[in-house]
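Asks: Supplied in structure tokens, the structure appears directly below.
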Amino acid sequence: DDVEISAIVSMSDDGWSTWRLRDEYWILPSWDIRRAIVALSDEDKNSLLRSLFNHRFNSWWLSWHNLWNLIMLALEEIRGSYVWALDSLEEVFEIKWKVYPITLQKTRILARLNNWEYVIWEKNIDIPKYDDSLRVEDIYVLKESYAKALSELWEWWLNSEDFENLVSKFINDKPLENPKIKKVIDESDYIIFCPWDVFGSIMTNLVVWDTTKYISQSKAKKILFVNLYT
């Protein structure tokens, strides 16, 4: 009972329902937030919340949206901000601990392969849209506007020097971390890296912003739970 848990969550998801809502309503993604909310919920509610938030509608007009994304969309419109929407959700479902988005800016993932080609969007990295013989060499998190600019130039500039220069410029203009992240890390006794999607959910919290600096400066004990598969 005297333990406090804070979850710091990646904000670059862009699959399925999330992709459509991000493009249409210009909102932050919330799929990884959902996982943390369910995990931190009361054990008696855990199973119900998991089923409820995962539920997808099959009717054509809801187009496979899941209930969680629609709830977050409605709350963000009602409360006027993503942070207030998340606070309201934690209150309604009596979540004892806190969930923090790693950033409050719109972002996308860019991966560089070992042959120096690039893959953009998380869904294209999670379900690889590249040759299986290749591997991801670097992961970057870009501001949304930069990612869209790159995607529009993809076909013509993919292997050009101008494209490389543009990528370099974009990855150096990093999005800002959630201002609450530093305090959360500074006050932690343990920093735990959970088994999760390596590129989409773990590395995206570490390779950009000042998160890595905060972690390296922290006196907290660092614990890594490796994935059982991969």
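Asks: Residues of the range 3-41 being outside any strand (DSSP E or B), at pLDDT 75 or above and either farther than 28 Å from SER145 by Cα or out of contact with any helix residue (DSSP H, G or I) (no Cβ under 9 Å at 6 or more places or on another chain) (or both), which ones?
Replies: VAL3, GLU4, ILE5, ALA36, ILE37, VAL38, ALA39, LEU40, SER41
Asks: Got at least one residue in the range 84-93 being within 30 Å of PHE170 (Cβ to Cβ), modelled with pLDDT under 90 and in a loop (DSSP other than H, G, I, E, B)?
Replies: no
Asks: Within the range 185-205, can you find the residues that are open to solvent by less than 70 Å² (accessible area, probe 1.4 Å) and either more than 26 Å from ASP14 (Cα to Cα) or touching a His at 6+ places or on another chain (Cβ under 8 Å) (or both)?
Replies: Passing the criteria: ILE185, SER188, ILE191.
Asks: So in the range 65-101, with the set limited to residues that are open to solvent by less than 10 Å² (accessible area, probe 1.4 Å) and in contact with a Ser or Thr (Cβ under 6 Å, 6 or more places away or on another chain), which one is farthest from LEU206 (Cα to Cα)?
Replies: Top of the filtered list is ASN66.
Asks: Ok, one more. With the structure loaded, tell me whether TRP157 is open to solvent by 70 Å² or more (accessible area, probe 1.4 Å), of a type in the set (Phe, Trp, Tyr) and modelled with pLDDT under 85 or whether it fails that test.
Replies: The answer is yes for TRP157.
Asks: I need every pair where a residue in the range 65-87 that is in contact (Cβ under 8 Å) with a residue 12 or more places away in the chain has its Cβ under 6 Å from the Cβ of a residue that is of a type in the set (Asp, Glu), sequence separation at least 6 or different chains.
Replies: TYR82/GLU76; ALA85/GLU76
Asks: Of all residues in the range 184-216, how many are without any contact (Cβ under 8 Å) to a residue 24 or more places away in the chain and among the polar types (S, T, N, Q)?
Replies: The qualifying residues number 2.
Asks: Please go through the range 206-218 and give me each residue that is assigned to a loop (DSSP other than H, G, I, E, B) and either exposed (fewer than 14 other Cβ atoms within 10 Å of the Cβ) or among the polar types (S, T, N, Q) (or both), ordered by number.
Replies: Matches in the range 206-218: SER218 only.
The values are calculated or read from the model by the stated rules, or taken from the named source; none is laboratory data. Treat the numbers as computed from the prediction; the structure is a model and nothing was measured. All Cβ positions, even for glycine, are placed from backbone atoms using ideal geometry, and neighbour counts span all protein chains on display. Only protein heavy atoms, including side chains, enter the accessible area calculation; ligands, DNA and RNA are left aside. Shrake-Rupley method; radii C 1.70, N 1.55, O 1.52, S 1.80 Å.
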